[in-house]
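**Q** So that we are looking at the same thing, I have put the structure below in structure tokens.
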Amino acid sequence: MKCYRKLEPIKAISFDLDDTLYSNQPNMRAASQKMVAYFQNIFNSDKPYDFNYWLPFKKQAIAQRPALKHDVAEVRVQCYYLGFIEHGYSEEEALKKARDAVDYFVIERSNFSVPEDIHTLLQDLKSKYTLISISNGNVDTKAIGIDKYFDLILHADLNQRQKPSRDMFDIACNTFGLKANEILHVGDCGKADIRGAMLAGLQSAWFPRYNVGKPVSILPTIELSDINELRCLVS
């Protein structure tokens, strides 16, 4: 553990999920492959319905409704909706098919096991602190078996903007009547997690183990080389 600032007393710990509590890239690659096969079956075509195929539809959806960039589930619905329209489906059919497809995607992107040491860590931390999850993504925390550890689960959507916007950090503070600096936010991304948390007044723990998130532009309170270093908070 590296300490860049004095860690003040905390009452709660908030966690980013993807690429913080587990490596998410293998899960997303597997889910993306499943979606290619899913659409090939629906459209009876061998086209590669991959990221590059759907990107123009995503850009179109966000151009029409910029707030969608904060809601990864709804932007995917609208992206697929436009794709179904392109394939000749009615608006009603297209929307239903799009929502069904996103439901399937969430099932597949949540089809993995969280490492056992993470379960143990969260259980131990829960004995002393309020635990909160603050995610820009849409993993199903119940499906991966970690919902039971959190007192509050927040996902960015049309009403609460993605990190580094402070919306979800403020909700966490207000929900439990905490001062911002009484929460330690743990995350992998130097921009979304660390910059977002620090500008919102929280303390922060940077855990860039999977080398996915952006580098830091503001020093965190602490940097972790192993997430289990958080055990010192309950010892």
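The values are calculated or read from the model by the stated rules, or taken from the named source; none is laboratory data. In this text, all values refer to a predicted model and were calculated from it rather than measured experimentally. For neighbour counting, all protein chains shown are included, and Cβ atoms are generated from backbone atoms with ideal geometry for every residue, glycine included. SASA here: full protein model, heavy atoms, side chains in, ligands and nucleic acids out. Shrake-Rupley method; radii C 1.70, N 1.55, O 1.52, S 1.80 Å.
**Q** Counting only residues that are more than 15 Å from the chain's Cα centre (by Cα), among the charged types (D, E, K, R) and under 26 Å from ASP71 (Cα atoms), which one in the range 114-165 is most open to solvent (accessible area, probe 1.4 Å)?
**A** So the first thing to find is which residues in the range 114-165 are more than 15 Å from the chain's Cα centre (by Cα), and the list is 115-131, 145, 148-149, 151, 159.
Next cut, among the charged types (D, E, K, R) only: 116-117, 124, 126, 128, 148, 151.
In the following step, the residues that additionally are under 26 Å from ASP71 (Cα atoms) were identified as 148, 151.
Values: LYS148: 129, ASP151: 78 Å².
The qualifying residue most open to solvent (accessible area, probe 1.4 Å) is LYS148.
**Q** When you look at ILE194, is it assigned to a strand (DSSP E or B) and either over 23 Å from TYR4 (Cβ atoms) or touching a Phe, Trp or Tyr at 6+ places or on another chain (Cβ under 9 Å) (or both), yes or no? Even if it seems obvious, please write down each step before you answer.
**A** Working: assigned to a strand (DSSP E or B): no; either over 23 Å from TYR4 (Cβ atoms) or touching a Phe, Trp or Tyr at 6+ places or on another chain (Cβ under 9 Å) (or both): yes.
Here the answer is no, as ILE194 does not meet what is asked.
**Q** Any idea how many residues of the range 26-63 are assigned to a loop (DSSP other than H, G, I, E, B) and open to solvent by 30 Å² or more (accessible area, probe 1.4 Å)? Explain how you work it out, then say what you get.
**A** Looking only at the range 26-63, we keep the residues that are assigned to a loop (DSSP other than H, G, I, E, B), and these are 44-50.
Filter once more, keeping what is open to solvent by 30 Å² or more (accessible area, probe 1.4 Å): 44-48, 50.
Total meeting the criteria: 6.
**Q** Within the range 95-145, how many residues are over 16 Å from HIS185 (Cα atoms) and touching a Ser or Thr at 6+ places or on another chain (Cβ under 8 Å)?
**A** Result for the range 95-145: 6.
**Q** If you don't mind, another one. List, please: which pairs have Cβ atoms under 7 Å, are six or more places apart or on different chains, and start with a residue in the range 7-25 that is under 21 Å from GLU108 (Cβ atoms) and part of a strand (DSSP E or B) and end with one that is open to solvent by less than 30 Å² (accessible area, probe 1.4 Å) and at pLDDT 95 or above?
**A** So the pair list comes out as ASP18/ASN24; ASP18/SER135; ASP18/GLY137; ASP18/VAL139; TYR22/VAL114; TYR22/ILE118.
**Q** Still on this model: What number of residues within the range 93-113 satisfy the criterion of being in a helix (DSSP H, G or I), open to solvent by 60 Å² or more (accessible area, probe 1.4 Å) and not charged (D, E, K, R)?
**A** Residues in the range 93-113 being in a helix (DSSP H, G or I), open to solvent by 60 Å² or more (accessible area, probe 1.4 Å) and not charged (D, E, K, R): 3 in total.
**Q** Does the range 199-206 contain any residue that is within 27 Å of ILE62 (Cβ to Cβ) and either small (Gly, Ala, Ser) or in contact with a helix residue (DSSP H, G or I) (Cβ under 6 Å, 6 or more places away or on another chain) (or both)?
**A** Checked against the condition, which is being within 27 Å of ILE62 (Cβ to Cβ) and either small (Gly, Ala, Ser) or in contact with a helix residue (DSSP H, G or I) (Cβ under 6 Å, 6 or more places away or on another chain) (or both), the range 199-206 yields at least one hit.
**Q** Pairs under 6 Å by beta carbon, first residue over 30 Å from VAL75 (Cβ atoms) in the range 117-141, partner among the hydroxyl-bearing types (Ser, Thr, Tyr) and at pLDDT 95 or above, six or more apart or different chains?
**A** Note: pairs meeting the criteria are LYS126/TYR149.
**Q** Something else now. Within the range 210-232, can you find the residues that are touching a residue at least 40 places away in the same chain (Cβ under 8 Å) and either open to solvent by less than 30 Å² (accessible area, probe 1.4 Å) or assigned to a loop (DSSP other than H, G, I, E, B) (or both)?
**A** As a first pass, look at the range 210-232 and keep what is touching a residue at least 40 places away in the same chain (Cβ under 8 Å): 210, 212-213, 219-225, 227-232.
Hits for the range 210-232 are TYR210, VAL212, GLY213, LEU219, PRO220, THR221, ILE222, LEU224, SER225, ILE227, LEU230.
**Q** For the range 197-209: of the residues being touching a Leu at 6+ places or on another chain (Cβ under 6 Å) and within 21 Å of ILE171 (Cα to Cα), which is surrounded by the most Cβ atoms within 10 Å (Cβ to Cβ)?
**A** Ranking the candidates gives ALA205 first.
**Q** Tell me whether the range 166-175 contains one or more residues that are of a type outside the set (A, V, I, L, M), touching a residue at least 12 places away in the same chain (Cβ under 8 Å), farther than 16 Å from CYS3 by Cα and part of a loop (DSSP other than H, G, I, E, B).
**A** Yes, the conditions are met somewhere in the range 166-175.
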